[in-house]
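Worksheet: one structure, shown below.
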Amino acid sequence: MSHHFAKPENALKRAEELLHVGQQTAALDSLHDVLSSKRHRTWTPVIEQVITKYLDICITLKKGRMAKDGLIQYRIICQQINVGSLDDVLRALMAKVDAAASGAIGDAEGVTQSIAVSDLDADETPESILLSAMTGDDSATRTERETVTPWLKFMWETYRTVLEILRSNNKLEGLYAETASKAFAFCVKYKRATEMRRLCELLRNHLSALSKYQPREAQAAGLPADGLSMHLEVRYSQLNAAADLELWQECYRTIEDIHALSLTLKKPPKTSMQLNYYLKLSQVFLVSDNLLLHAYCLMRLVTLTRSKKAAPDSAELRSLATAALLAAAVAPLSPHAAQAGGPPGAG
């Protein structure tokens, strides 16, 4: 039943009463009515208390879609007055979800980091539940299905929601980059190849929307020119995560994104970023059996290492130069000789 509260304080009091008698869903609905009401479109500290309590209930019930809807409403309320409050709320949300999920996963015995479920976005169907009951899952499998998987789904949905909330907010670019890094770490830790591909595509769509503005035009539109620089840094983290998961196709697509961003910015990246770029690119070419370009990347690594301001370690430089020399020595003289390996694997 929907209630329209004249004051947010009344909604908070009512929610506490409902929680006290175990009616969490009703408490969630009462707080959602406040966030979605047009009469409460001005930010106040009480509204922040409402969204905080609302998200706490969402975490308890693992209601990812409700959390997203509440955050969308809260973004509308505070984006013109107090963007810092949105930053605080989102950081607190991720911290609480990480702590709750880590605790639940840590308490589960016999569960490995590689979770059996292939797609965290797929809902569990009656057929899958019946099949698992008929096959007689062991204790570890049941624990994974009943405890670990729901929390992993909620963590993944939380990261994706935060990225969607922040995608067009140039004042919170730092939090956007931090969230992307946390999502990459999540995919690597739990070996989530499917989610990593979707995450890359999500970030690519955000970048595509931002890349419609050239730096000069972005300034005229009120968008900071360093917005693309933030996306460039995110792409380097994305490249590392894709390589850790051996998703070579995603690595190559990310490398293309980095190249396009570098051309748009017309500003050479830091030497450390270039070193990482050519190192990952050399791995992609090695996997695809493109030995000539693999050797070229190693040669670029040698050149960049020698050009660093800090004196490079002699042993490291010698090892890198040796690898580049050997790569060049085994590279085929004819480009047709390197066709046997084909393109990178469909990772």
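Which condition number in (1) at pLDDT below 90; (2) within 22 Å of Leu298 (Cα to Cα); (3) touching a helix residue (DSSP H, G or I) at 6+ places or on another chain (Cβ under 6 Å) is the one that Ser262 fails?
Every condition holds for Ser262 apart from (3).
Residue-by-condition table, conditions (1) farther than 21 Å from Tyr176 by Cβ; (2) of a type in the set (Gly, Ala, Ser):
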| residue | (1), (2) |
| --- | --- |
| Asp244 | yes, no |
| Ile258 | no, no |
| Leu279 | yes, no |
| Asn290 | yes, no |
| Leu320 | yes, no |
| Ala328 | yes, yes |
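Between a first residue in the stretch 311-330 that is part of a helix (DSSP H, G or I) and a second residue that is surrounded by 12 or more Cβ atoms within 10 Å (Cβ to Cβ) and among the small types (Gly, Ala, Ser), which pairs have beta carbons less than 6 Å apart while being 6 or more apart in sequence or on different chains?
Cβ pairs passing all conditions: Ala327/Ala295; Ala328/Ala295.
Which residue is most open to solvent (accessible area, probe 1.4 Å), if the candidates are limited to the stretch 62-90 and must be closer than 15 Å to Met155 by Cβ and not in a loop (DSSP other than H, G, I, E, B)? Before you say what the answer is, go through the steps one by one.
Within the stretch 62-90, the subset closer than 15 Å to Met155 by Cβ is 62-65, 67-68, 90.
Cutting the leftovers down to not in a loop (DSSP other than H, G, I, E, B) gives us 64-65, 67-68, 90.
Numbers: Gly64: 10, Arg65: 180, Ala67: 9, Lys68: 81, Leu90: 0 Å².
Only one residue tops the list, namely Arg65.
Among the residues of the stretch 286-298, write down those that are touching a Phe, Trp or Tyr at 6+ places or on another chain (Cβ under 9 Å), within 19 Å of Thr322 (Cα to Cα) and open to solvent by 30 Å² or more (accessible area, probe 1.4 Å).
Kept after step one, since they are touching a Phe, Trp or Tyr at 6+ places or on another chain (Cβ under 9 Å), are these residues of the stretch 286-298: 287-288, 291-298.
This time we only want the ones that are within 19 Å of Thr322 (Cα to Cα), so: 291-298.
Those that are touching a Phe, Trp or Tyr at 6+ places or on another chain (Cβ under 9 Å), within 19 Å of Thr322 (Cα to Cα) and open to solvent by 30 Å² or more (accessible area, probe 1.4 Å): Leu291, Leu292, Leu293, Tyr296.
Within the stretch 320-335, take every residue that is at pLDDT below 90 and open to solvent by 70 Å² or more (accessible area, probe 1.4 Å) and give me the one that is nearest to Cys297 (Cα to Cα).
Val330
Conditions tested, residue by residue: (1) of a type in the set (Asp, Glu); (2) under 25 Å from Arg75 (Cβ atoms); (3) at pLDDT 90 or above.
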position	(1), (2), (3)
Lys7	no, yes, no
Leu18	no, no, yes
His32	no, yes, yes
Lys38	no, yes, no
Arg41	no, yes, no
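Mind counting the residues in the stretch 33-56 that are under 20 Å from Thr161 (Cα atoms), in contact (Cβ under 8 Å) with a residue 40 or more places away in the chain and out of contact with any Pro (no Cβ under 8 Å at 6 or more places or on another chain)?
Matching residues across the stretch 33-56 total 6.
Does Gly342 count as touching an Asp or Glu at 6+ places or on another chain (Cβ under 8 Å), closer than 22 Å to Ala243 by Cβ, modelled with pLDDT under 90 and loosely packed, with under 12 Cβ neighbours inside 10 Å? Step through it out loud before you land on a result.
On the way: touching an Asp or Glu at 6+ places or on another chain (Cβ under 8 Å): yes; closer than 22 Å to Ala243 by Cβ: yes; modelled with pLDDT under 90: yes; loosely packed, with under 12 Cβ neighbours inside 10 Å: yes.
Yes, satisfied.
The values are calculated or read from the model by the stated rules, or taken from the named source; none is laboratory data. Note that the structure is a prediction, hence the values are computed from the model and not measured. For neighbour counting, all protein chains shown are included, and Cβ atoms are generated from backbone atoms with ideal geometry for every residue, glycine included. Just so you know, the surface numbers come from the protein's heavy atoms only, side chains and all, with ligands and any DNA or RNA stripped out. Shrake-Rupley method; radii C 1.70, N 1.55, O 1.52, S 1.80 Å.
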